[in-house]
Amino acid sequence: MSTSQAGSRPIPNALSIAGVDPSGGAGVLADVKAMSALGAYGCAVIAALTAQNTQGVTGIAPVPPEFVGLQIDTLFADVRIDAVKIGMLGQRPVTLVVAEKLAKWLPAHVVLDPVMVAKSGDHLLERDAVGALREALLPHATMLTPNLPEAGVLLDERPVETVKEMRRVAERLRNIMAYSGQRWVLLKGGHLPGNDTIDLLHDGDRMIELPGHRIDTRNTHGTGCTLSAALAALLPQIDDVPEAARRAKAYLAEALRHADRLQVGSGHGPTHHFHAWW
């Protein structure tokens, strides 16, 4: 039973603003699956199109920024949006439009997953868009969820390799976010060596370790998308942010643990978003 069903709160409406992965393992398709599995009604604004499968990205077609803005305005004008997850935006003009619309509509929860590179190594964010993401979009985020390479790009430094270094990076990332209200960094340690996958959750005061263990599967496509979408689904339902983060990470771990039950493609396959149902 979801948190919404168990209590008196309405079922939250969660929005993914991201790209489309036709194989369904990442992007808005993965986001809506994760949101649905965790008791939220998933909505989506398409920010980019990709030709993509489990082995790689063969093409990217940007959506005109004015049309991205129209999608957002039209949706918010009618639907109560309780949380927004932002994934692949691709280009600087789209990034600036999304930032403008967030400033207009002011959703309570904004989970920013700074998608830059696909699991296959293909680049998904143009180089000149990084500055716009950092300067225009980041101030609207209430939760930032970078992996270690993405954190290095945001801070213009090499990716770190130890938990001790991660603590410094989490502090630096929090310092470039806005200061008003609750703002959190969830720095993902999946690129650390070894079998432990320690994430750090930091709000400028508390530094919370979220321990985990690496799961032996090649089907890890879209893990970042799934985790950030899970957070967008859970934050409107759970007032305690660390607890929401723990539940999102636990959900992802189970989705990875059951990923080999799926047979999707011959490369890095998707996680099993509906592992609890089928």
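The table for this structure:
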read-out: Ile198 vs. criteria touching a helix residue (DSSP H, G or I) at 6+ places or on another chain (Cβ under 8 Å), surrounded by fewer than 16 Cβ atoms within 10 Å (Cβ to Cβ) and not polar (S, T, N, Q); value: no
read-out: Residue among Phe67, Phe76 that alone is free of Cβ contacts under 8 Å to residues at least 12 places away in the same chain and open to solvent by 20 Å² or more (accessible area, probe 1.4 Å); value: Phe67
read-out: Residue satisfying condition, being at pLDDT 85 or above and either crowded, with 20+ Cβ neighbours inside 10 Å or assigned to a loop (DSSP other than H, G, I, E, B) (or both), within set Leu125, Leu192, Leu173; value: Leu173
read-out: Strands (runs of 3 or more DSSP E) (entirely within the range 42-122) containing at least 3 residues that are under 15 Å from the mean Cα position of the chain (by Cα); value: 83-86, 109-112
read-out: Failed item in (1) surrounded by fewer than 16 Cβ atoms within 10 Å (Cβ to Cβ); (2) of a type in the set (Gly, Ala, Ser); (3) closer than 20 Å to Ala229 by Cβ, with Ala103 passing the rest; value: (3)
read-out: Per-region count, the range 144-161, residues at pLDDT 90 or above and either assigned to a loop (DSSP other than H, G, I, E, B) or touching a Ser or Thr at 6+ places or on another chain (Cβ under 7 Å) (or both); value: 2
read-out: Residue count for the range 22-59, restricted to those that are within 15 Å of Gly267 (Cα to Cα) and among the hydroxyl-bearing types (Ser, Thr, Tyr); value: 3
read-out: Residue in the range 19-41 that is in contact (Cβ under 8 Å) with a residue 24 or more places away in the chain, outside any helix (DSSP H, G or I), touching a strand residue (DSSP E or B) at 6+ places or on another chain (Cβ under 8 Å) and closer than 17 Å to Pro107 by Cβ present; value: yes
read-out: Residue match in the range 129-143 (condition: within 17 Å of Gly222 (Cα to Cα) and in contact (Cβ under 8 Å) with a residue 12 or more places away in the chain); value: no
read-out: In the range 206-236, the residues that are assigned to a loop (DSSP other than H, G, I, E, B) and closer than 19 Å to Ala276 by Cα; value: Ile215, Thr217, Asn219, Thr220, Gly222
read-out: Within the range 234-252, tally of residues that are open to solvent by 20 Å² or more (accessible area, probe 1.4 Å) and of a type in the set (Val, Ile, Thr); value: 0
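The values are calculated or read from the model by the stated rules, or taken from the named source; none is laboratory data. Model, not experiment: these values are computed from the prediction. Please note: Cβ atoms are built from the backbone with ideal geometry, for glycine as well, and neighbour counts cover all protein chains shown. Note: areas computed on protein heavy atoms with side chains; ligands, DNA, RNA excluded. Shrake-Rupley method; radii C 1.70, N 1.55, O 1.52, S 1.80 Å.
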